[in-house]
Every structure is written in C-alpha cells, then in structure tokens.
Ligand code: GLU
C-alpha cells in the first residue's frame with residue numbers, strides 16, 4: 001500500500017514554525033517511502049479565509065523545499081470543495097443508525113445531569129428524531145469496549161468507549177463539524193498516516209470511531225509534541241516569534257531553518273553531524289524516532305545553524321542572498337548610494353561575521369550613508385579622554401598613507417605610538433568616528449573601502465563634535 005500522508009493547515013495568514021516542522025516530517029515520510037504528500041487546505045471557516053492566505057501556505061511550503069512540482073506532492077485540495085462528501089458521510093452515519101438527531105440545549109443537559117461540564121447524556125438516542133433546523137447530529141459512541149489508538153510516537157492507548165460522549169458531527173444548520181469533515185477528507189484522499197500536532201490528540205479516538213463507522217481502516221496516527229520556548233511555554237504567536245515568514249524576512253536561510261526544524265524533536269540514528277542537507281536527513285528519517293518529549297525552539301541554536309549556512313555559501317551567493325537588505329525598500333540608504341563594487345570588497349569580511357543576513361546593513365551602512373549612524377552609547381564608549389588627540393594624530397598619518405589596509409594599519413599604529421595608546425584603545429575613536437559603531441568589520445579594511453577623503457572628513461567631523 002502506498003503511504004499517503006497529508007498536511008492540512010487552516011489558513012491563518014501566517015505560517016507557524018510548528019506547522020513547518022509538521023509539514024517537513026510529513027514530507028520526509030512521503031518521500032522516503034515513495035509515497036504522496038497531500039496538501040489539504042482546511043478552509044471551511046469561510047469568514048476567516050482570504051485567498052492570499054492560501055498562496056501564503058504554498059509559497060511558505062516552497063520556501064522549505066516542499067514544492068508543488070515534486071512528484072511526491074499532491075493537491076492542494078480544498079476542504080470547502082468537499083462539502084457534499086461531508087454531508088454524505090453524515091447521512092451515511094445517520095442511515096446506518098450510527099448517528100442521531102438531538103435537540104437538547106446545553107441548559108437542558110445540565111439540568112438533567114446536574115453538572116455544567118458533563119458530557120452529553122444520550123437523551124435523544126432512542127427518540128428517533130428526523131432532521132429539522134436546529135437539530136444537531138450526534139455520533140452514537142459504542143457503550144462497551146475500547147478504542148485502541150496506535151500512535152507511532154506515543155505507542156498504543158486504549159480509550160474506554162464509555163468515556164467518549166456522543167459527540168456532535170453536524171450542526172443544527174446541517175453543516176458537518178471539523179471532526180467529521182477532517183475524517184471524510186482523509187477517507188477520500190486515501191490517507192494512510194496522519195502526522196499532526198498533539199493539540200488534536202483528544203480528537204483521535206473520536207475520529208478513529210468515525211473511520212470505522214464509515215467502513216474504512218483508520219490511518220496510523222503520529223502526534224507531535226508541542227514546541228516550547230525557553231520558559232517551557234508552548235510557542236504562541238502573541239508571545240513568541242513563530243511565523244516562518246518573519247524568520248526568513250530577518251535573514252534566516254531557508255536551508256538552515258529546514259535543517260534546524262528537522263532536528264526539532266528528532267535525530268538521525270546514524271549520529272552524523274547535525275548540520276547537513278535535508279536530503280541526508282530525509283534518508284534517515286523515521287517518524288517513530290520522534291521524541292515523546294516537548295521540543296525546545298532554541299533560537300540561539302537556530303542562529304548558530306544559520307551562521308554556518310551563511311559561511312558555507314560562496315561569496316557571490318552570499319552577496320545575492322544579502323540583496324534584499326542592500327536595496328530599497330529595506331536598505332537604510334538610497335538606491336543610488338549603493339555601490340556593488342564597494343560592497344564586493346567587504347562582503348567576505350561580513351560573511352564571516354554575521355549570523356542573520358539582516359545584520360548586514362549595520363556592518364556596511366557606513367559605506368553607503370552620507371554620515372555614519374548616530375549612536376550615543378557607541379559614541380561615549382569610543383570617545384574616552386584622549387580620543388581627540390588620537391583622532392588628530394590619525395588624521396595626520398592617514399593623510400600621507402598609501403590607501404591600502406596594511407599601510408592604513410601602519411598609519412594608525414604610528415598615530416597610536418605618538419599619543420601613547422595601545423593599538424586596541426587607539427582604534428576605538430577612529431572606528432566610532434568613521435562608522436558610528438563600536439563593533440564592525442576589521443577597521444583597516446573598512447577605511448580602505450571607505451576611501452581617504454571620506455575617512456578624513458569623518459574624523460574632522462568627529463573632532464568638531466568633540467570640541
Ligand atoms: N486544520 C487542522 C489544523 O490546522 C489540522 C487538522 C489535522 O491535521 O488533522 O490544526
């Protein structure tokens with residue numbers, strides 16, 4: 001039997017990193033087994049749907065390598081397009097006596113059971129109600145026995161059927177609920193394995209009962225534990241940065257994110273290196289090796305991965321990857337101020353230092369802005385007593401120096417010796433005067449790239465500000 005898995009997001013306007021991990025695990029299972037990855041957009045909540053949210057999903061998937069052009073990819077299917085089948089499934093269960101109509105209000109149930117949060121008491125089971133506006137359709141769960149859910153991550157759990165209430169599968173207006181629509185779609189799409197987040201765990205025994213009642217063999221389940229932040233709280237969009245798009249927009253490389261997400265709760269058995277391409281991880285992937293523990297989304301580790309991926313690029317690929325930050329609208333300088341040749345000279349120096357591409361602007365802005373950025377904290381850190389003497393001496397020695405990093409170093413050395421400062425201390429005022437910052441690219445190469453005239457002008461401006 002061909003393995004068929006699915007990724008079934010409800011469009012929300014952003015792509016959660018947890019969803020990205022689920023998608024990748026499904027993708028790895030499908031590709032490794034020569035099976036299919038079905039994309040199903042669960043778009044029945046019409047009020048909350050926008051067409052661009054759907055494109056957002058497909059483009060986010062493409063970003064992490066899940067391409068519609070790959071033979072393993074199938075879909076997208078739209079849950080809203082399968083409404084007839086959902087109603088058909090409801091009708092089938094009713095006709096088979098596995099579901100019944102119910103007109104009880106919550107208040108009536110509470111009055112009968114005496115408990116506000118008690119499950120449904122089965123009052124309408126034998127009333128033989130037909131459909132009428134306002135009557136919900138309830139699935140009649142078996143009185144005896146148990147539902148055995150096999151989960152490839154959590155093992156098998158037996159749920160006593162007695163403890164599963166007669167749950168609603170279609171609303172009073174006739175529209176089927178998520179529990180049923182989701183199963184009917186999985187049935188129609190011949191899904192063999194459901195790999196999803198553990199927030200759906202409590203739905204699983206109910207859904208397995210629906211599969212069986214509809215006359216089909218239920219899929220194998222695998223529920224992924226939640227992803228937590230450093231305080232062990234579930235990652236939430238109100239508290240944490242969770243949108244894949246935000247990470248990409250900050251300058252995380254998709255390959256690095258994919259590598260990191262694949263290892264979030266899973267590790268290859270071959271104990272090979274952590275940083276490795278997706279294809280190698282896919283070849284090792286087995287959903288039953290995914291941990292039962294919650295997975296910590298460690299941004300520091302993701303950053304470290306990203307830095308490694310940045311350094312592994314060849315320098316022209318690095319420059320291309322930086323482009324979104326080098327040009328309008330994201331660049332802090334105007335379009336005509338940017339000089340690709342000047343950038344090319346410092347690109348290798350920046351590449352070995354940054355861990356997120358968006359950091360590039362802070363490293364090179366001194367080259368393309370008319371004035372260095374103003375950062376008062378950096379200014380007071382760099383302009384300690386004696387700074388003006390150092391700047392005056394540097395202005396002199398730099399005026400006559402050959403304009404090349406080594407000669408610039410000697411000129412700064414000579415200025416430092418003249419004012420009696422160690423080279424480290426002597427560099428700080430020059431760096432702040434020229435770049436506006438206390439950290440950055442190596443100073444001599446920076447000055448070389450900036451040019452003598454601009455360097456001297458900035459030193460003069462800084463001296464004027466000090467005076
Ligand atoms: N649409 C559901 C969600 O986004 C997924 C349902 C499922 O995977 O079974 O949570």
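Read-outs: derived from the displayed coordinates by stated rules, not from any lab. None of these values were measured; they are calculated from a predicted model. Reconstructed Cβ throughout: ideal geometry from the backbone, glycine too, with neighbour counts over all protein chains shown.
Worth pointing out:
- Degrees between helix 405-419 axis and first principal axis of the chain (Cα, 0 to 90, nearest 10): 60
- Over region 336-446, the Kirkwood radius and the radius of gyration, each from Cα atoms, give a ratio Rg/Rh of 0.97.
- Most to least packed among 428-437, 116-125 [average Cβ atoms within 10 Å]: 428-437, 116-125
- The label point for residue 423 and the one for residue 291, both projected 7 Å from the Cα toward the Cβ, are 4.5 nm apart.
- Antiparallel %, DSSP beta bridges [both residues in the chain], to 5: 45
- Working note: Cα gyration tensor of region 377-441, eigenvalues times five, square-rooted, sorted largest first, giving semi-axes of 18, 13, 9 Å.
- Cα point-scatterer Debye curve for region 1-49, base-10 log of I(q)/I(0) at q = 0.22, 0.30 Å⁻¹: -0.77, -1.07
- Extension gain, residue 374 to residue 91: 0.36 nm times the residue separation minus the Cα-Cα distance gives 94.9 nm.
- Put simply, when 251-259, 103-111, 163-171 are sorted by average Cβ atoms within 10 angstrom per residue, most first, you get 251-259, 163-171, 103-111.
- Using only alpha-carbon positions in the chain, the gyration tensor eigenvalues give semi-axes of 63, 22, 19 Å once each is multiplied by 5 and square-rooted (largest first).
- Two-decimal ratio, region 133-240, of alpha-carbon radius of gyration to 2.2 N^0.38 Å: 1.21
- Cα gyration tensor category, rounded, prolate or oblate, for region 238-316 with a/c compared to 1.5: oblate
- Taking 0.36 nm per residue of separation and subtracting the current Cα-Cα distance, fully stretching the chain between residue 1 and residue 157 would add 53.7 nm.
- Inter-part distance, region 164-240 to region 429-453, computed on C-alpha centroids, equals 58 Å.
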